[in-house]
1. Go through A:264-274, A:110-120, B:97-107 and give me the packing order, highest mean Cβ count within 10 Å leading.
2. Net charge around B:Cys421, counting only other residues with Cβ within less than 10 Å of its Cβ (Lys, Arg = +1; Asp, Glu = -1)?
3. With no other cysteine's Cβ closer than 4.7 Å, which Cys residues of chain B count as lacking a disulfide-compatible partner?
4. I need the phi-derived Karplus couplings for the range B:283-292: 6.51 cos²θ - 1.76 cosθ + 1.60, θ = phi - 60°, integer Hz, Gly and Pro marked x.
5. Whole-Hz Karplus ³J(HN,Hα) for the range A:190-202, in order, using 6.51 cos²θ - 1.76 cosθ + 1.60 and θ = phi - 60°, x for Gly and Pro?
6. From Cα pairs below 8 angstrom and at least 6 apart in sequence, can you work out the relative contact order of chain A, rounded to a whole percent?
7. Using each residue's phi in the range A:131-144, evaluate 6.51 cos²θ - 1.76 cosθ + 1.60 at θ = phi - 60° and report the 3J(HN,Hα) Karplus result to the nearest Hz, with x for Gly and Pro.
8. What does the charge add up to near B:Ser149, with Lys and Arg as +1, Asp and Glu as -1, over the other residues with Cβ less than 15 Å from its Cβ?
Amino acid sequence: MQIQPILAALRRHRLATALIALEIALACAVLCNACFIIAQRVSAMHIVSGADEAALASVQLTGYDSAQAADVDARALAALRAVPGVESVSPINSIPFGSRRGTAGISTDAAGEHFGGVIEFYVGGPGSLEALGAKVVAGRAPQPDDFRAFTGFMPDGGSVQITRALAEHLWPGADPLGKEFWSLKSHYRVVGVLKDLVRPDPTGWTPEQRQWSVFLPAQPGPYLTGSYLLRANPGDMPRVMRDALAAVAKAVPEVVIDREASQSVSDLRHDVFKNDRVMAAMLVGVIFAMLMVTALGIVGLASFWVQQRRRQIGIRRAIGATRRDILHYFQTENFLIVGGGIALGMVLAFALNLVLMKHYELPRLPLYYLPVAALALWVLGQLAVLGPALRAAAVPPVVATRSV
Amino acid sequence: MFTYYLDLALRSLKRNKALTALMVLALALGIGASMTTLTVLHVLSGDPLPGKSHQLFYPQLDPQDMDGYKPQDEPPEQVSWIDGMALLQARRAHFQALMTGGAVPIQPAQSSIDPFFEDARYTTADFFPMFDVPFLYGQGWNATDDEASAHVAVLTRELNEKLFGGKDSTGQTLRMNDVAFRIVGVLDSWRPTPHFYDLNTGSYSADEGVFVPLATATDLKFARNGSTDCWDKGSSENMKTATCTWLQFWVQLDTPAEATAYREFLLNYSREQKALGHFQRPPNVRLRDVMGWLDYNKVVPSDVHLQVWLAFGFLLVCLVNTVGLMLAKFLRRSGELGVRRALGASRRSLFAQLLVEAGAVGLVGGAGGLLLALLGLWLVRGQPSDYAALAHLDLPMLLATFVAAVMASLLAGLLPAWRACLTPPALQLKSN
């Protein structure tokens, strides 16, 4: 295939060529970044929680007087534990993807000069860490005398388990066991490291911060009531939850069950990422519409060119060009124009990525997106030009002899 | 002349239906997507109290201890009980109100309605006149009721509808949390968007149904909703003495001079508290008005901005596409244009004729875009986000759709029309 004559012909249609190339370039920029955002959202949705989500559920009670907390707590616990299928019920302040009650800033020195970030304290009673299913990969799990009685938000000190991600953030490269940190003047010592434990609201944080959690053992008491982690057989979960909420409603009729927050952890996870799902779906829609418009635009312009060049095609056919030659001519022409557009599009894609990075906390676009997008646009261009090119190939040589 | 051009344009558009449909479709898709996202942005970044918002200010103080102190840090986003009460009692502004969100169990007298939980606002009396809250029946309570911790309540129209079938319920009794309250007022429909006075309970979520004096709510230990930020030992034993910020404080200052004076007052208050040893940090105050406060809190979700950007990128692709198609269309008619030129039409009139044609495409594309935007907004309303229900097209956005579509298509027509007019008439006639 000779490229020279194609380029010569394109030079006579500079404006139209430039327009198609520009359209491809813009499409390339939007395509790369939109796909990248979709990939980001999808990977956020698949975050590892570190908990046995399928086997867990949250039960949240509100609307009772703090004076009655102990009584309400005892009746609710008894009712929940009596439900057939319930393996365990533990009081805990926060639930992965659910209620958030332990967000606090920490520092790695007593004076509060070395700020360690804002983390999540999971304040849980005996058995709650086991119920969560969080794996202890170093150090030890909480011992019975680690569970301290407290007033206020959380115990003002104690031995804690922290996640690997948080340990690496606070003390990069060092062994976190035995290290200490402070929060609201309270002092905590690290005795165990958890593989993973996601914070309740991962969407509001950067990927690195999403695993910044600490498990703080505490005695159940008046300050740790109304929030329960329920463990049951995953297959039985819908029925267990239905029975559990009915049992609580019967045992403590004076409280209000927060139905929105009282769901299985799998359902809570589904709710947490609803905005990301909407965004991803919208982007898929935009990408689809944009590719369709681009393809139709190529079809329109290529058809125009074919019609405009009927006579020339006829002449070429008359002096010996085969149908295949004509077909290849238009295919190569499209390949070159789209190629030019892609070259410009890669620059635009990076420029757009820089803007998005600046304003929307998006990471840098990985390089491998570019060849994939280029391939997709080339395929799209070839598919779009196929129809008009076939019509061009069908032009009979006799056209050359006609005046119109 | 215009009607003649329009006639020519319609004939030309009819001649090649596929190409015309393509241009209209591309334009409609681009305009539809842009208008959908722009409408959502427009609704979400709207002024919650037009005409009044620039007189309403949100004072911030920094009562924290020196832990983690950085000189350039922003002060906390709420006030503590002690500071809130001090500012409230200073009465330095035209109106001032101290408030927090909560939820109360409502026990209706009618046995037909089961007890239920309702979001509530615990506030001082100035809330109603300060925010220009419209009343259907009765009125808000007054400062005396605040001081006396009176058992009075104001209902929204929706809650009154639910409990009393929409009848004038002032003077009636409502049981909340096992305590009898006298209803003193019923609001007319009122839903400021965003929920600017308390962004902790969701920027766009549905508002509270019942209003109760703050002192009454704290005396009766009603359940609170919202965020609490503590320093030092914190402690939630008694929120009135806790070193925590958990209340919102709003003031109305009618003139810029009053605002300057109030800022000075806040600085003096901070200095005084520091001298007394209550505050430890150097005075650090802010006095933002409503829009400033919404901006500072970035209430419009960043996803919404991102969607607008992408939709405009898409519109740009559609526009370039339309330019290309128009070029093809106009150049294909070189012969016809050549004849018109030969018969004496000036370049200017050919240009005008082609632009009328482009405008016609824009008008049809705008109509298509409007339909697509309505469809898009309908899809947005079906989404689970808490602002979804607000996504409706209003008149300005409707007009903007048409103006944008016509402008876009005229813009897209400029280059092809200019290019088509350049063709010398003789050449065109000869080549045919």
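Every read-out reported here was derived from the displayed coordinates using simple, explicitly stated rules and does not represent laboratory data. Since we're looking at a predicted model, the values are computed, not measured. Positions of Cβ are backbone-derived with ideal geometry, glycine not excepted, and every protein chain shown enters the neighbour counts.
1. On the way: A:264-274: 18.5, A:110-120: 16.5, B:97-107: 22.8.
Highest mean packing first, the order is B:97-107, A:264-274, A:110-120.
2. For residues surrounding B:Cys421, the net value is +4.
3. Result for chain B is B:Cys318, B:Cys421, no neighbouring Cys Cβ within the cutoff.
4. Taking θ as phi minus 60°, the curve returns x, 8, 10, 9, 9, 9, 7, 4, 5, x Hz for the range B:283-292.
5. Per-residue couplings from phi come out as 7, 10, x, 10, 9, 4, 8, 7, 6, 7, x, 10, x Hz.
6. Values: 684 pairs, mean separation 111.5, N = 404.
It comes to 28 percent, rounded to a whole number.
7. 4, 4, x, 6, 8, 8, 9, 8, x, 10, 6, x, 8, x
8. It works out to a net charge of -1.
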